[in-house]
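*Asks:* First the structure, then my questions, so here it is.
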Amino acid sequence: MTEADTRKTIVLTGASRGIGHATVKRFSREGWRVITCSRQDFAENCPWPAGPEDHIKVDLADPEDVGRAVAEIRHRLLDQGGKLHALVNNAGISPKLKDGSRMNSLDTPMHVWRDVFQVNFFAPIMLARGLFKELVAAQGSIVNVTSIAGTRVHPFAGTSYATSKAALGSLTREMAHDFGPHGIRVNAIAPGEIDTAILSPGTDKIVETIPLRRLGATSEVADIIYFLCSGQASYVTGSEIHINGGQHV
Ligand SMILES: NC(=O)c1ccc[n+]([C@@H]2O[C@H](COP(=O)([O-])OP(=O)(O)OC[C@H]3O[C@@H](n4cnc5c(N)ncnc54)[C@H](OP(=O)(O)O)[C@@H]3O)[C@@H](O)[C@H]2O)c1
């Protein structure tokens, strides 16, 4: 057997920047094969081995494209004996008004609401169901990336984003119940204010009052995702870990 046949494999959405980028680096460092998915082609100066070959260009806002990507991922996993050890549903969108302010429940257009739910909520369950056999074969695990906005009104995150993340948190519980008997663990992580492009101007002000008095780093989120996908979390399922410096205490 070649080395490529024995590596553990993770499929991660939204790897091109932010939390996803740090997560790919964390898993690559541990020797995992990382199959990434996002809308853009991979940067030529990709910082991890085999990045461009293991990248799948997909628009998660388009259900048909998600179906095509699932077929492509399953095909690529044949190299690994059809086994998938982890699926991390990280890609997410958080639309704002033109001036950067919050889109509330009175003025969010329905097409925005539908796009947000397709990317943040439907794509994760489509991928999990589409890759179910491969996850069973590896006795793998799933991590859904929710948000602090899923459980309380946030000054910048809009209603469609918040409700999609609340739904994803609830889906995590349902999936843990349904996937568990097949040997698959399903957990969520709920980041607070993490230093990425998704943040709005003014977030520095919010963190001045939280217990840890700072933004979180993407590597601090990647560490928890890695822990949940590792053998160290082998009896953890149906949980949602809050990574927010104590913001909601
Ligand atoms: N940063 C925070 O403070 C924070 C807080 C709470 C929750 N979160 C959650 O954490 C996750 C990652 O956040 P982040 O801050 O790292 O976000 P980010 O920097 O905005 O990155 C989002 C990622 O999702 C991908 N993506 C967006 N739309 C897509 C689509 N239609 N199809 C495929 N890929 C798509 C993007 O890649 P392309 O542009 O190449 O498609 C990108 O890689 C999200 O689910 C977010 O809601 C973040």
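The values are calculated or read from the model by the stated rules, or taken from the named source; none is laboratory data. From a predicted model like this one, the values you see are computed outputs, not experimental measurements. Cβ sites come from the backbone with ideal geometry, for glycine too, and all protein chains shown count toward neighbours. Note: accessible area is taken over every heavy atom of the protein model, side chains too, but ligands, DNA and RNA are not part of it. Shrake-Rupley method; radii C 1.70, N 1.55, O 1.52, S 1.80 Å.
*Asks:* Every residue in the range 103-138 that is closer than 16 Å to Arg74 by Cα and not in a helix (DSSP H, G or I), please.
*Replies:* Leu131
*Asks:* Let me ask something else about it. Within the range 227-240, how many residues are open to solvent by 40 Å² or more (accessible area, probe 1.4 Å) and either within 16 Å of the ligand (Cβ to nearest atom) or in a strand (DSSP E or B) (or both)? Talk me through it step by step, then tell me what you get.
*Replies:* Filtering the range 227-240 down to residues open to solvent by 40 Å² or more (accessible area, probe 1.4 Å) leaves 227, 231-232, 234-237, 240.
Pick out the ones that are also either within 16 Å of the ligand (Cβ to nearest atom) or in a strand (DSSP E or B) (or both) and you get 240.
Matching residues across the range 227-240 total 1.
*Asks:* Okay, moving on. Going by the structure shown, is Val88 in contact (Cβ under 8 Å) with a residue 12 or more places away in the chain, assigned to a strand (DSSP E or B) and under 20 Å from Ser147 (Cα atoms)? Let's see the steps before the verdict.
*Replies:* Numbers: in contact (Cβ under 8 Å) with a residue 12 or more places away in the chain: yes; assigned to a strand (DSSP E or B): yes; under 20 Å from Ser147 (Cα atoms): yes.
Against the criterion (in contact (Cβ under 8 Å) with a residue 12 or more places away in the chain, assigned to a strand (DSSP E or B) and under 20 Å from Ser147 (Cα atoms)), Val88 qualifies.
*Asks:* Would you mind stating whether Ile210 is more than 11 Å from the ligand (Cβ to nearest atom) and crowded, with 19+ Cβ neighbours inside 10 Å? Explain how you work it out, then say what you get.
*Replies:* Values: more than 11 Å from the ligand (Cβ to nearest atom): yes; crowded, with 19+ Cβ neighbours inside 10 Å: no.
Against the criterion (more than 11 Å from the ligand (Cβ to nearest atom) and crowded, with 19+ Cβ neighbours inside 10 Å), Ile210 does not qualify.
*Asks:* Among the candidates Val70, Val136, which residue alone is out of contact with any His (no Cβ under 8 Å at 6 or more places or on another chain), over 26 Å from Ser219 (Cβ atoms) and touching a residue at least 40 places away in the same chain (Cβ under 8 Å)? Break it down into steps so the answer makes sense when it comes.
*Replies:* Working: Val136 fails: out of contact with any His (no Cβ under 8 Å at 6 or more places or on another chain).
Answer to the check: Val70.
*Asks:* Let me spell it out: the conditions are (1) under 24 Å from Ile10 (Cα atoms); (2) in contact (Cβ under 8 Å) with a residue 60 or more places away in the chain, and Glu174 meets all of them except one. Which number is the exception?
*Replies:* (2)
*Asks:* Are any residues in the range 140-198 more than 12 Å from the ligand (Cβ to nearest atom), open to solvent by less than 10 Å² (accessible area, probe 1.4 Å) and not small (Gly, Ala, Ser), and if so, which ones?
*Replies:* If the condition is that a residue be more than 12 Å from the ligand (Cβ to nearest atom), open to solvent by less than 10 Å² (accessible area, probe 1.4 Å) and not small (Gly, Ala, Ser), then Ile142, Thr172, Met175, Ile184, Val186, Asn187 are the ones that fit.
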